[in-house]
Amino acid sequence: MAGKKAYIKSNRMKRLLLLPLAAICAVTAGHILTSCTDGNAMDISSPDGRLQFSLHLDQDGALYYTVNRDGQAVVDSSGMGIACKEVSLGRHAKVKKIEKSSADETWSPVWGEESRIRNHYNEMAVTFEEQPEGDALPVAYTLRVRVFPDGVGFRYEVPGQTGVDSLTVMDELTEFALAEDGVAWSIPWDHEYYEHLYEPSLVSRLDTVCSPLTIKMTDSLYVSIHEAALEDYAAMNLHPAGGTRLKSWLTPWSSGEKVFASAPMKTPWRTLTIVSTPGELLLSRLMLNLNEPCAIEDTSWIVPSRYIGIWWGMHRKVYTWGQGDSHGATTENTKRYMDFAADNGFGGVLVEGWNYGWDGDWSANGNLFSFTRAYPDFDMEEITDYGRKKGVRLIGHHETGGATLNYEAQLDSAFALYERLGVNAVKTGYVNPRLDGKEYHSGQYGVRHYRKVIEAAARHHIMIDNHEPVMPTGLQRTYPNLMTQEGVRGCEYDAWSPDGGNPPEHTVTIPFTRCLAGPVDYTPGTFNYDNPVPPYTRPQATIAKQLAMTVVLYSPLQMASDMIENYEGRPEFEFLRECPTDWDATVVPEARIGEYLTVARRDKDKGNWYMGSMTNANPHNSRIPLDFLEPGLRYRATIYADGKGAHYRENPMAVEIQSQEVDHETTLNLNLAPGGGAAVVFTKI
Ligand code: NOJ
Ligand code: CA
């Protein structure tokens, strides 16, 4: 590579990074690489020198790594490698080449939690030669490592080469031997679609769990293990391997293999976000940085928005998905929702239960779903014409019941129909414990299917909101039409869950766990708590906390969950009408996992700020320094606070709307009720 600049040890790095700095500043969108092939020290530090990743080989050539921060172990010596049917990599490795480089660029996502993201890392690519048993040819492969100020990513790459064709991954040998037995918040790996409550436990007591796995190692060291760019592989789960050692455990095919691949192949990146505070976890963009840049040339049709839906009515059994007297998806009902959306500034109306396939046990009979034939009482042309006049889009729905083959056979015609009618967003769903009766959603089978859908949707200019997904890994950087996904125990559980709904700690835990994987379709905003039937399932949050969730639980497409009649005449509804879903900047003034947090975001259009604070079942006094506001400006703070006597169980509806003038020197005092919250709009005066 031209213009190579060699460096070996971290103490030489500062000097070397100084050299290209002027160029970096001048061309922030550019990619600046320096490289060497002569260093044989297999370690690499973060640009700020605090994190260090080191590789080691034992005398047999087995591969290990460690990660340190400020000289202290974060990950102790941990195994690496991939066991394929054809050859095992990382068992008898010989180093062939070590290349080091660095990059510093700033890029702009099509939508997101901020409008500019810095991608700043040092990279080490170590090429090995593996000598398989017997007289087979040696196999070359590369371990690529990137170390950022806030963590580490590494992946295995097997180039095309003589003698290596197909690779059947039976096991991945990557380990994470955590240096401390910290508290980890986890859900079981194989629970249906990640719709589970995260439980805290010591790392040493974990069963097999899915990632992201967030761990409080010490008061000033937080780690989250996950992956980035899961493109044609199986999702990584984490399996206990003794003490605080976790081992990668890939979701298998029904036949037992983990991944069918062929060279050239690249695994997803294995990521460790390593920061000092829980708030920094939310601000890390390491996963996005490790995904490929946007593959869609014209992104003008990708537009974040807030919408409403004929949805809660089904979950609360006011309407049915299937045909009959209470059918929700009627032309008339949809028009009524469209009128409401137009009057209140919502971009669209989701309508579920519009197509043939819902009558009977739809989840067991996904093959019966048609994605082009509407029920007779749902006139798609009339509805989309009506919406066009009102400036409101119909948001499409494809529930598959997990029958992906039936869906794939209709994919292009289904998206073409929607495209012709001007529908530019579709919610997909896969309610069934297995895809096509046998494969896991998070296995390679599911990963391949979801990818097909995203690509087909992009061809038809359609945005996707995917329910029952594989855990997200940042693919939205490459395919920004993948707007949001579920993969969480969302607000639907507040409608019918036998345990009475999502407990207050759930929504102050998922920002530090599931939400680290990307936008989440939680659908907050239920204003009606009426449920006279035991166990009285309903939101376990005050109204003010529900408003706060719309800021905290980031999603560029976000639905206000309730039926429209429950929003009529409610002054606090103003917050849902107004709050954007696309942001210029994000800050986290306070955060404690499972206890409370506050997130503030600056909107892209006007530079106003929106803030959400929320607590668990305990009351919390938030004192928030407003130093994120622009100095020299005054703002009107409109505060949607818990009202007198508010309590998530006894008195969830009590909300008070207050207003005061503030500036960047003000400290805002917010008293959050048990299970409560506050939502604040800071409008420039
Ligand atoms: C489960 C989804 O999460 C929910 O939002 C949807 O209403 C039902 N499936 C029916 O598709
Ligand atoms: Ca679901």
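The values are calculated or read from the model by the stated rules, or taken from the named source; none is laboratory data. Values in this document were obtained by computation on a predicted structure and should not be read as measured data. Here the Cβ is made from the backbone with ideal geometry for all residues, glycine too, and neighbour counts use every protein chain on show. Ligands, DNA and RNA are excluded from the accessible area calculation, which covers all protein heavy atoms including side chains. Shrake-Rupley method; radii C 1.70, N 1.55, O 1.52, S 1.80 Å.
One residue stands out among those in region 299-355 that are under 19 Å from Leu576 (Cβ atoms) and among the acidic types (Asp, Glu): the one that is farthest from ligand 1 (Cβ to nearest atom), which is Asp343. Cβ-Cβ distances below 7 Å connect the following pairs, each with a first residue in region 411-426 that is without any contact (Cβ under 8 Å) to a residue 40 or more places away in the chain, a second residue that is open to solvent by 20 Å² or more (accessible area, probe 1.4 Å), and a separation of six or more residues or different chains: Gly422/Arg388; Gly422/Arg393; Val423/Arg393. Taking the criterion of being free of Cβ contacts under 8 Å to residues at least 40 places away in the same chain and open to solvent by less than 50 Å² (accessible area, probe 1.4 Å), the residues of region 190-212 that qualify are Ser201, Val209.
The set of residues in region 403-431 being within 14 Å of ligand 2 (Cβ to nearest atom) and of a type in the set (A, V, I, L, M, F, W, C) consists of Val431 alone.
In contact (Cβ under 8 Å) with a residue 12 or more places away in the chain and within 16 Å of ligand 2 (Cβ to nearest atom): does that describe Gly322? Spelling it out, it is not the case that Gly322 is in contact (Cβ under 8 Å) with a residue 12 or more places away in the chain and within 16 Å of ligand 2 (Cβ to nearest atom). Residues in region 632-645: is at least one within 22 Å of Thr507 (Cβ to Cβ), assigned to a loop (DSSP other than H, G, I, E, B) and open to solvent by 80 Å² or more (accessible area, probe 1.4 Å)? Looking for residues that are within 22 Å of Thr507 (Cβ to Cβ), assigned to a loop (DSSP other than H, G, I, E, B) and open to solvent by 80 Å² or more (accessible area, probe 1.4 Å), one finds none in region 632-645, hence no.
Flag set for Leu272, criterion: out of contact with any Lys or Arg (no Cβ under 9 Å at 6 or more places or on another chain), in contact (Cβ under 8 Å) with a residue 60 or more places away in the chain and either assigned by TED's automatic domain parsing to the domain that holds Gly366 or farther than 30 Å from Gly500 by Cβ (or both). Only helices (runs of 4 or more DSSP H) whose full extent lies in region 283-362 are considered here, and the ones with at least 1 residues that are in contact with a strand residue (DSSP E or B) (Cβ under 6 Å, 6 or more places away or on another chain), over 17 Å from Ile464 (Cα atoms) and of a type outside the set (A, V, I, L, M, F, W, C) are 286-289, 331-344.
Selection of first residues in region 510-523 that are at positive phi and of second residues that are part of a loop (DSSP other than H, G, I, E, B) and not aliphatic (A, V, I, L, M), restricted to Cβ pairs under 8 Å at least 6 apart or on distinct chains, gives the following pairs, ordered by first then second residue: Gly518/Pro472; Gly518/Thr473; Gly518/Gly474; Thr523/Trp311; Thr523/Gly490; Thr523/Cys491; Thr523/Glu492; Thr523/Ser561. The set of residues in region 53-82 that are closer than 17 Å to Met217 by Cβ and either among the small types (Gly, Ala, Ser) or open to solvent by 10 Å² or more (accessible area, probe 1.4 Å) (or both) comprises Thr66, Asn68, Arg69, Asp70, Gly71, Gln72, Ala73, Asp76, Ser77, Ser78.
Kindly evaluate Pro504 against the criterion of being crowded, with 23+ Cβ neighbours inside 10 Å, closer than 26 Å to Tyr233 by Cα and more than 12 Å from ligand 2 (Cβ to nearest atom). Considered against the rule, which asks whether it is crowded, with 23+ Cβ neighbours inside 10 Å, closer than 26 Å to Tyr233 by Cα and more than 12 Å from ligand 2 (Cβ to nearest atom), Pro504 comes out as no. Output yes when any residue across region 379-402 is farther than 24 Å from Lys335 by Cα, of a type in the set (A, V, I, L, M, F, W, C), away from ligand 2 (no atom under 16 Å from the Cβ) and assigned by TED's automatic domain parsing to the domain that holds Ala364, and no when none is. The answer is no, given that none of the residues of region 379-402 is farther than 24 Å from Lys335 by Cα, of a type in the set (A, V, I, L, M, F, W, C), away from ligand 2 (no atom under 16 Å from the Cβ) and assigned by TED's automatic domain parsing to the domain that holds Ala364. Looking only at residues in region 175-189 that are open to solvent by less than 20 Å² (accessible area, probe 1.4 Å) and closer than 27 Å to His467 by Cβ, which one is farthest from the chain's Cα centre (by Cα)? Applying the filter and picking the extreme gives Ala184.
For region 232-254, the set of residues classified as within 14 Å of Pro268 (Cα to Cα) and open to solvent by less than 20 Å² (accessible area, probe 1.4 Å) consists of Tyr233, Ala234, Ala235, Met236, Asn237, Ser248, Leu250, Thr251, listed by residue number. Just one of (1) under 22 Å from the mean Cα position of the chain (by Cα); (2) on the phi > 0 side of the Ramachandran plot; (3) open to solvent by 10 Å² or more (accessible area, probe 1.4 Å) fails for Gly422. It is (1). Return only the number of the condition from (1) open to solvent by 10 Å² or more (accessible area, probe 1.4 Å); (2) within 16 Å of ligand 1 (Cβ to nearest atom); (3) in a helix (DSSP H, G or I); (4) in contact (Cβ under 8 Å) with a residue 24 or more places away in the chain that His441 does not satisfy. In the conditions (1) open to solvent by 10 Å² or more (accessible area, probe 1.4 Å); (2) within 16 Å of ligand 1 (Cβ to nearest atom); (3) in a helix (DSSP H, G or I); (4) in contact (Cβ under 8 Å) with a residue 24 or more places away in the chain, His441 misses (3) alone.
Condition check ((1) assigned to a loop (DSSP other than H, G, I, E, B); (2) open to solvent by 40 Å² or more (accessible area, probe 1.4 Å); (3) modelled with pLDDT under 95; (4) not aliphatic (A, V, I, L, M)) across all residues:
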site	(1), (2), (3), (4)
Val599	no, no, no, no
Lys606	yes, yes, no, yes
Gln658	no, yes, no, yes
Ala679	no, no, no, no
Phe682	no, no, no, yes
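Being among the hydrophobic types (A, V, I, L, M, F, W, C) and more than 19 Å from the chain's Cα centre (by Cα), is that true of even one residue in region 499-508? The answer is no, given that none of the residues of region 499-508 is among the hydrophobic types (A, V, I, L, M, F, W, C) and more than 19 Å from the chain's Cα centre (by Cα). Under the condition of being open to solvent by 10 Å² or more (accessible area, probe 1.4 Å) and either touching a helix residue (DSSP H, G or I) at 6+ places or on another chain (Cβ under 7 Å) or touching a residue at least 12 places away in the same chain (Cβ under 8 Å) (or both), the residues counted in region 290-301 number 7.
Per-residue answers, yes or no, for (1) in contact with a Gly (Cβ under 8 Å, 6 or more places away or on another chain); (2) under 29 Å from His191 (Cβ atoms); (3) at pLDDT 95 or above:
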position	(1), (2), (3)
Val349	yes, no, yes
Glu352	yes, yes, yes
Gly366	yes, yes, yes
Asp379	no, no, yes
Lys390	no, no, yes
Ile395	yes, yes, yes
Leu417	no, no, yes
Thr428	no, yes, yes
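All told, Leu272 falls short of being open to solvent by 20 Å² or more (accessible area, probe 1.4 Å) and at pLDDT 95 or above.
A quick yes/no check of all residues on (1) among the acidic types (Asp, Glu); (2) over 17 Å from the mean Cα position of the chain (by Cα); (3) away from ligand 1 (no atom under 16 Å from the Cβ):
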site	(1), (2), (3)
His191	no, yes, no
Arg205	no, yes, yes
Pro212	no, no, yes
Met217	no, yes, yes
Ala229	no, no, yes
Met236	no, no, yes
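Counting only residues that are out of contact with any helix residue (DSSP H, G or I) (no Cβ under 8 Å at 6 or more places or on another chain) and either among the hydrophobic types (A, V, I, L, M, F, W, C) or open to solvent by 60 Å² or more (accessible area, probe 1.4 Å) (or both), region 381-391 holds 4 of them.
Counting only residues that are away from ligand 2 (no atom under 16 Å from the Cβ), assigned to a loop (DSSP other than H, G, I, E, B) and in contact (Cβ under 8 Å) with a residue 60 or more places away in the chain, which one in region 450-499 is surrounded by the fewest Cβ atoms within 10 Å (Cβ to Cβ)? The extreme case among them is Thr478.
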